[in-house]
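Remarks on the structure that follows.
The values are calculated or read from the model by the stated rules, or taken from the named source; none is laboratory data. For clarity, every value in this text was computed on a predicted model and none was experimentally measured. Backbone-built Cβ (ideal geometry, glycine too); neighbour counts: all protein chains shown.
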Protein chains: 2
Amino acid sequence: MLFRNITLLDENFNVQENMYVGIKGDRIDYIGDIMPEEDYGEVYEGTGKLLMSGFFNSHAHTPMTLMRGYGESMSLHDWLNKRIFPFEAHLTGDDVYYATLLGIAESLRFGIVSTTDMYYFCDRIAEAFIASGAKANISRGITCFTDDDLKDIPAYRESKELYEQYNESGEGRIRIDMSLHAEYTSTPKIVAQLAELTKELGAQMHVHISETKEEHEGCKERHQGKTPVEYLNDLGLLDCKTTAAHCVYVEGRDFQILKEKGVTVASNPVSNLKLASGVCNVPRLLEEGINVAIGTDSVASNNSLNFIEEMKFFGLLHKERFKDPRLTTPRQTLYAGTRAGAIGQGREDTGILKKGYKADLIVLDITGPHMYPAHDLVNNLVYSASGSDVVLTMVDGKVLYREGEFLTIDMEKVRFETKRSIDRIVEALK
Amino acid sequence: MLFRNITLLDENFNVQENMYVGIKGDRIDYIGDIMPEEDYGEVYEGTGKLLMSGFFNSHAHTPMTLMRGYGESMSLHDWLNKRIFPFEAHLTGDDVYYATLLGIAESLRFGIVSTTDMYYFCDRIAEAFIASGAKANISRGITCFTDDDLKDIPAYRESKELYEQYNESGEGRIRIDMSLHAEYTSTPKIVAQLAELTKELGAQMHVHISETKEEHEGCKERHQGKTPVEYLNDLGLLDCKTTAAHCVYVEGRDFQILKEKGVTVASNPVSNLKLASGVCNVPRLLEEGINVAIGTDSVASNNSLNFIEEMKFFGLLHKERFKDPRLTTPRQTLYAGTRAGAIGQGREDTGILKKGYKADLIVLDITGPHMYPAHDLVNNLVYSASGSDVVLTMVDGKVLYREGEFLTIDMEKVRFETKRSIDRIVEALK
């Protein structure tokens with residue numbers, strides 16, 4: 001495909017107009033301000049459109065689409081124990097497969113090209129992502145409350161099998177990460193063993209850290225005053241290349257450790273508000289030079305995968321919380337939503353528009369009245385755009401979503417199957 | 001028009017499916033679950049669509065569309081003094097007319113049927129609203145820093161003339177309110193005189209109250225410990241039917257006064273974040289039984305009029321700030337965005353779907369993957385919907401926006417004229 005006369009966001013997050021971008025195979029083959037000589041196939045007329053990197057959703061539980069809006073305005077305890085856990089207890093692999101496809105469709109519609117996911121029935125999640133053509137780093141969250149050895153824990157064995165079977169599958173679009181669910185759902189023994197085995201495997205790590213005050217303070221009580229970051233680091237976990245979701249309550253030496261260990265922090269602003277968890281100190285993390293990416297968390301606590309909206313929350317919350325409207329610039333936000341996420345997933349060759357990089361791209365319609373005027377289009381992208389301005393989503397050079405159509409997902413089948421899952425589970429819970 | 005087989009949000013904010021709604025003139029003439037006998041003209045096929053009240057934007061400065069994204073990541077002082085005030089100094093009536101039309105187009109695209117607006121060149125604002133067919137409560141914010149008499153202040157004379165010329169114009173869609181800009185931009189003498197003359201006129205009042213901590217604490221220093229609410233109330237201002245924008249720092253006896261005086265509080269969550277002002281204690285206001293509505297403020301501090309997005313911010317912020325995920329339910333949010341706004345504007349006959357009420361309605365496409373499943377559609381509307389899901393906006397029974405088309409606004413002309421305004425002003429500021 002050749003994008004003609006299109007506005008684009010270049011690798012330095014600057015806006016360039018009237019550009020040509022040629023895609024060959026799964027790569028960006030040409031970026032220039034003159035028509036290339038090579039024939040790239042379909043010519044996409046770019047007038048009134050913006051081409052940029054797709055979004056990298058750095059923390060999600062995609063199959064939870066089935067629980068969108070299921071139980072609202074409840075305490076966290078009641079919501080988990082009366083709604084989410086009972087619902088999840090009924091899930092089958094088939095449920096998860098179609099629920100994942102539904103979540104991928106929503107992701108593509110909102111310009112997400114790759115997702116860092118943690119859930120279970122991960123083989124089915126992997127199959128759904130492979131079928132859709134989207135990218136994902138998938139992990140099976142490991143929990144353990146007893147004195148078991150890691151190798152005896154089914155979730156670990158699943159993780160290992162998953163890694164062997166699916167890592168680098170789907171022409172490399174699927175990565176399998178290891179995952180410790182969290183400090184408060186594991187034992188020191190498990191953490192240390194998992195760190196060791198993950199390093200041996202060469203896999204990445206995905207873990208929840210300091211999401212709530214209870215978790216953070218509780219950890220300090222349980223472990224001689226150590227914060228979750230300190231505790232997990234002492235056990236070697238952060239020696240793995242790690243994505244740490246949330247980090248709302250990190251403090252003191254935590255910042256230094258996150259920086260030294262090259263941890264990617266996935267901030268989930270909407271979910272952190274909705275569950276009354278708190279606001280992550282992103283400005284401090286950025287100041288320390290830590291790689292900060294953006295996640296949606298699950299739609300059960302969001303309740304959408306509207307990534308542009310998520311970026312607006314991310315871009316605005318810190319200004320108020322830390323009392324300085326200069327904090328978190330639109331360019332910092334866009335970087336967090338794209339390139340920082342790609343780096344966090346270990347995908348160095350994507351997340352920006354650059355010749356030779358993977359063609360994981362989106363096109364936005366920028367002709368709406370809400371996008372005009374554009375004193376600086378980058379400001380409009382973060383603060384004015386609507387999630388639905390995305391009109392095309394391409395992964396590895398293949399168009400997966402275009403103007404309402406999902407080219408790899410049979411939405412009628414997905415609706416039919418997810419409805420059947422929901423009806424069955426809701427009936428069983430009556 | 002007859003909406004057929006449509007899902008609707010009824011006057012109690014409950015969802016009803018497969019309904020018929022007939023519009024006659026500017027009113028809702030029929031709501032029922034069977035096909036009416038009467039011929040209402042065009043039949044609108046409602047499958048996959050939701051019909052509900054349009055949104056009431058309860059605090060805005062619509063012509064500031066020209067300054068969207070103009071100056072970001074600056075301190076409030078620099079932003080105002082280096083960007084906004086110098087830009088505004090160059091505005092002409094023609095600039096304001098087309099800038100308002102641009103803002104109305106954006107409003108209609110996002111389902112806003114009526115706007116409570118405060119700015120200057122208000123005659124041109126009124127003309128723009130009249131031409132568009134949308135509703136507005138328009139006011140000229142009065143400021144005074146000297147010992148002048150109110151009647152000698154040009155902004156007051158403008159307000160008075162505006163009231164005489166435009167109140168109830170546009171078949172009643174236009175209301176002219178009086179406006180004190182704020183406590184810190186006026187004198188006690190002016191406040192008392194304006195209160196008196198507004199009551200004589202029978203007009204409503206629109207005022208900024210306790211937007212920032214500086215304003216709130218400064219007022220207490222200036223006026224014997226009185227908060228802005230106490231001070232303005234003591235001078236009689238709140239005896240007028242008042243919309244008070246922001247109220248972020250209201251405290252103590254303020255709640256009781258706001259309740260007793262029947263003040264509508266317009267909360268502007270996005271603007272309050274972006275300018276690092278704070279988070280309004282909406283849960284407490286609601287608990288006291290105060291009418292709380294939602295505003296976008298200007299797009300210079302938002303930067304859009306995406307009302308569904310604004311509702312999501314409104315619906316989520318209080319959960320985190322006041323540490324309780326049960327706070328501000330989706331139904332409270334929807335009420336604030338519709339019926340509470342209509343009441344605040346003095347428009348008792350709109351803001352809900354009810355037979356005999358004005359047909360100020362919107363249609364949303366609810367078939368997107370982000371709107372599925374719908375365990376409770378009201379939850380999805382507030383937390384999952386995208387602003388662009390609005391596909392039709394009707395005011396007083398007339399369709400003003402439909403699937404990308406603005407039926408009363410010449411967008412090409414608006415773009416041409418606003419571009420000319422911006423180019424001229426930006427050039428002059430060089």
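Structure notes:
- Residue in the range A:150-167 that is in a loop (DSSP other than H, G, I, E, B), modelled with pLDDT of 95 or more and in contact with a Lys or Arg (Cβ under 7 Å, 6 or more places away or on another chain) present: yes
- Test: residue in the range A:212-226 that is out of contact with any Phe, Trp or Tyr (no Cβ under 9 Å at 6 or more places or on another chain) and within 30 Å of A:GLN332 (Cα to Cα): no
- Residue check for B:VAL229: closer than 26 Å to B:ASN281 by Cβ, in a helix (DSSP H, G or I) and of a type in the set (A, V, I, L, M): yes
- Residue match in the range A:372-395 (condition: under 19 Å from the mean Cα position of the chain (by Cα), outside the structural domain of A:GLY262 (by TED's automatic domain parsing), among the acidic types (Asp, Glu) and surrounded by fewer than 22 Cβ atoms within 10 Å (Cβ to Cβ)): no
- Of residues in the range B:378-406 being of a type outside the set (Gly, Ala, Ser) and facing chain A (nearest Cβ under 9 Å), the one farthest from B:LYS312 (Cα to Cα): B:PHE406
- Long-range neighbours under 6 Å by Cβ, at least six apart or interchain, first residue surrounded by 12 or more Cβ atoms within 10 Å (Cβ to Cβ) within the range A:411-430, second in a helix (DSSP H, G or I) and not hydrophobic (A, V, I, L, M, F, W, C): A:VAL414/A:TYR98; A:GLU417/A:TYR98; A:THR418/A:TYR98; A:SER421/A:ASP95; A:LEU429/A:PRO86
- Among the residues of the range A:323-333, those identified as at negative phi, in a loop (DSSP other than H, G, I, E, B) and out of contact with any His (no Cβ under 6 Å at 6 or more places or on another chain) are A:ASP324, A:PRO325, A:ARG326, A:THR329.
- Selection from the range B:115-148 of residues that are within 20 Å of B:GLN204 (Cβ to Cβ) and of a type in the set (S, T, N, Q): B:THR115, B:THR116, B:ASN137, B:SER139, B:THR143
- Scanning the range B:1-34 for residues that are assigned to a loop (DSSP other than H, G, I, E, B) and farther than 29 Å from B:GLY172 by Cβ turns up B:ASN14, B:ASP33, B:ILE34.
- Within the range B:407-424, considering residues that are within 12 Å of chain A (Cβ to nearest Cβ) and of a type in the set (A, V, I, L, M), the one nearest to the chain's Cα centre (by Cα): B:ILE409
- Only one of the numbered conditions (1) more than 30 Å from A:THR418 (Cβ to Cβ); (2) surrounded by fewer than 20 Cβ atoms within 10 Å (Cβ to Cβ) is not met by B:ASP365, and that is (1).
- In the range A:54-102, the residue that is farthest from A:PRO269 (Cα to Cα) out of those that are basic (Lys, Arg) and within 12 Å of another protein chain (Cβ to nearest Cβ) is A:ARG83.
- Which numbered condition A:THR333 misses (of (1) crowded, with 23+ Cβ neighbours inside 10 Å; (2) within 9 Å of another protein chain (Cβ to nearest Cβ); (3) touching a Gly at 6+ places or on another chain (Cβ under 6 Å)): (2)
- The strands (runs of 3 or more DSSP E) falling completely within the range A:35-140 that include 2 or more residues that are surrounded by fewer than 18 Cβ atoms within 10 Å (Cβ to Cβ) map to A:43-45.
- Considering residues of the range A:186-212 that are surrounded by fewer than 22 Cβ atoms within 10 Å (Cβ to Cβ) and either of a type in the set (Lys, Arg) or touching a residue at least 60 places away in the same chain (Cβ under 8 Å) (or both) only, the residue nearest to A:GLN165 (Cα to Cα): A:LYS199
- The range B:175-185, residues that are outside any strand (DSSP E or B) and surrounded by fewer than 23 Cβ atoms within 10 Å (Cβ to Cβ): B:TYR184, B:THR185
- The one condition from (1) buried (at least 22 other Cβ atoms within 10 Å of the Cβ); (2) out of contact with any His (no Cβ under 9 Å at 6 or more places or on another chain); (3) assigned to a loop (DSSP other than H, G, I, E, B) that A:ASP147 does not meet is (1).
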